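The values are calculated or read from the model by the stated rules, or taken from the named source; none is laboratory data. The shown structure was predicted, so the numbers you read here are calculated from the model rather than taken from an experiment. For neighbour counting, all protein chains shown are included, and Cβ atoms are generated from backbone atoms with ideal geometry for every residue, glycine included. Each accessible area value is taken on the protein alone, full model and side chains, heavy atoms only, with ligands, DNA and RNA left out. Shrake-Rupley method; radii C 1.70, N 1.55, O 1.52, S 1.80 Å.
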Amino acid sequence: MSKTEKLFYVTTPIYYPSAHLHIGHSYTTVLADIINRYKKLDGYETFFLTGSDEHGEKIEKKSKADGITPYEFTTKIIANFKHLWEKLGVEYNKFIRTTDHDHEKAVQKIFSKLYKKGDIYKGHYEGIYCVSCEEFLTESQLNSETSQCLVCQNVPKKVQEETYFFKVSKYSSFLVNYYNSHQGFIEPETTKNEMLNNFIYPGLTDLSVTRTSFSWGIPTIEDSKHIVYVWIDALSNYLTALGYLSDDETLFNKFWNNDNVEILQIIGKEIARFHTIYWPSMLESLGLRQPDKILSHGWILFKDAKMSKSLGNVIDPLVLIDKFGRDVLRFYLGFEIPTDNDGKFSYDLYLESYNTNLANNIGNLSSRVTNMIEKYFEGQLPAIENLDNALIHEIKITVTNFKFYMDKYNVSRAIGKVLLLCQNANRFIEFSKPWELAKNGQQAELQGVLYTLAYAIVVSAFLLQPILIDTSQKIANQFGVDLATLSFDNINDIKNIQFNKKITKGEILFQRLKIEDEITNLNK
Ligand code: MSP
């Protein structure tokens, strides 16, 4: 494999198909999609994986209550997952189901490998188990007065059963060394410190990895009454989806077993422990490389609480998409929710952000510029002359900054740079006053102003392609520009932008909304 090959592998958590997905799940997946689309734009060959985590007691119980098999139950819900991703324009390469035959076979082999290595042993487990979170809990994860799980508010049950353990304790010093020698392996830094201080330094306890009290899972080859407990099953998906331990390991050798591939795994912070402690230990035990980064983002809060099914405060992304379009939701998630902290959602915030950034800034700029080109030049931009050097400089800086932040997966700040460019381009219209140039017959200056503005908006559309998937195309169409001809290598030279048609005032990209009216409608 040559060093120059640009390869990128990005994963989302595989979601539990126990209920519909809300905008919290959409956040992780849209973030992955935005980064993946950006990488493709930057010339990478990419592989984007998402999927569903189907085994476990909770699904077994729910399907029983509905009188159908667990597989029938999850199949129905997964159709909704896929429908949502399609509506949101999420372009994944593979949707893995942990019930896929290939996955099940590979998980058995992974378990056997860990077992043969001496990293899995039989013992007894006694503890408190939260069925809803599919997790054994420690006292610190419970409300001390009510004994409720702090995440989902359900009361966990006491269990005692024979189980196989994975020897995580053996990997303590490996983890500390790895974290220390790979700055940025876990992001944000606070999550890394939390893992060290709360779990690793106090002493890791081995992880129970099989169960006997229910049957909806993958039986182990070694002891078939034991089924692989959700996390070994679930985490393995990142490898099995690429064909690890199957007859065809081509994808695995390309996108994992290869030091040249950049691997990004995006998760929400409540599953950071599994992805930053157990997962790296599993990989080390299997003799495999680590991902480059585990990006553990915060939660979307609704009325100051984590948006979650069990709290019943979820926002259905489909409603937002149907009402305002997918670009608006992609924009809100990419720009308004930071990756390194919790973010908020409310209808007010959503609509305010829409008006400020999409209607008044990007939309307004595009319509003003197309309008003026139609009015003053009959839609035909003349030669590239008299450009505004300051704005040209700013456009170039924006491209550099956008790339800088996207390369760090800081989508929000990257988008912020484009918004700033649009704001400044709008201001440039105010002080260059094209209408006065026209009145005074200063055709040459007018032409330069409008040409530079057209360049600014086309570059903005180019950069925003991974986020505003429909609107960037619409802008390009209004200017008769084929975005496919543009790249990070040629965008900095204005001569590479071909305006291939008569530019006319097109449809309004983002109609300004009356927030109160919209909220009344949404609450109906
Ligand atoms: N099945 C496990 C993951 C296994 S990965 C090998 C699981 N599934 S889940 O359906 O509960 O999804 C959890 C993920 O959904 C979080 O990690 C996060 O990506 C996303 N989110 C769920 N609620 C969220 C918010 N309120 N805010 C942001 N993200 C949230 O855990």
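Select, from A438, A461, the only residue that is open to solvent by less than 70 Å² (accessible area, probe 1.4 Å) and more than 15 Å from N371 (Cα to Cα).
A461
Within region 1-57, which residues are touching a Gly at 6+ places or on another chain (Cβ under 8 Å), more than 9 Å from the ligand (Cβ to nearest atom) and open to solvent by 10 Å² or more (accessible area, probe 1.4 Å)?
K6
Enumerate the helices (runs of 4 or more DSSP H) found wholly within region 229-293, keeping only those where 2 or more residues are within 16 Å of the ligand (Cβ to nearest atom) and out of contact with any Cys (no Cβ under 6 Å at 6 or more places or on another chain).
Passing ranges, in order: 230-240, 279-285.
Are any residues in region 294-304 more than 9 Å from the ligand (Cβ to nearest atom) and open to solvent by 10 Å² or more (accessible area, probe 1.4 Å), and if so, which ones?
Answer for region 294-304, where residues must be more than 9 Å from the ligand (Cβ to nearest atom) and open to solvent by 10 Å² or more (accessible area, probe 1.4 Å): K303, D304.
In region 108-128, what residues are crowded, with 21+ Cβ neighbours inside 10 Å and closer than 22 Å to V159 by Cβ?
Residues satisfying the conditions are F111, I120.
Consider T191 against the criteria (1) under 28 Å from Q160 (Cβ atoms); (2) within 16 Å of the ligand (Cβ to nearest atom); (3) touching a Lys or Arg at 6+ places or on another chain (Cβ under 7 Å); (4) not hydrophobic (A, V, I, L, M, F, W, C): it satisfies all of them except one. Which criterion is unmet?
(1)
Would you pick out the residues in region 239-288 that are among the polar types (S, T, N, Q), touching a helix residue (DSSP H, G or I) at 6+ places or on another chain (Cβ under 7 Å) and surrounded by fewer than 18 Cβ atoms within 10 Å (Cβ to Cβ)?
S246
Scan region 401-420 and report the pairs whose first residue is touching a residue at least 60 places away in the same chain (Cβ under 8 Å) and whose second residue is polar (S, T, N, Q) and surrounded by 20 or more Cβ atoms within 10 Å (Cβ to Cβ), with Cβ atoms within less than 8 Å and a gap of 6+ or a chain change.
Y409/T339; N410/T339; V411/T339; S412/T339; L419/N357; L419/N361
Which one is surrounded by the most Cβ atoms within 10 Å (Cβ to Cβ), of the residues in region 332-345 that are part of a loop (DSSP other than H, G, I, E, B) and either touching a strand residue (DSSP E or B) at 6+ places or on another chain (Cβ under 7 Å) or among the acidic types (D, E) (or both)?
Here the answer is I337.
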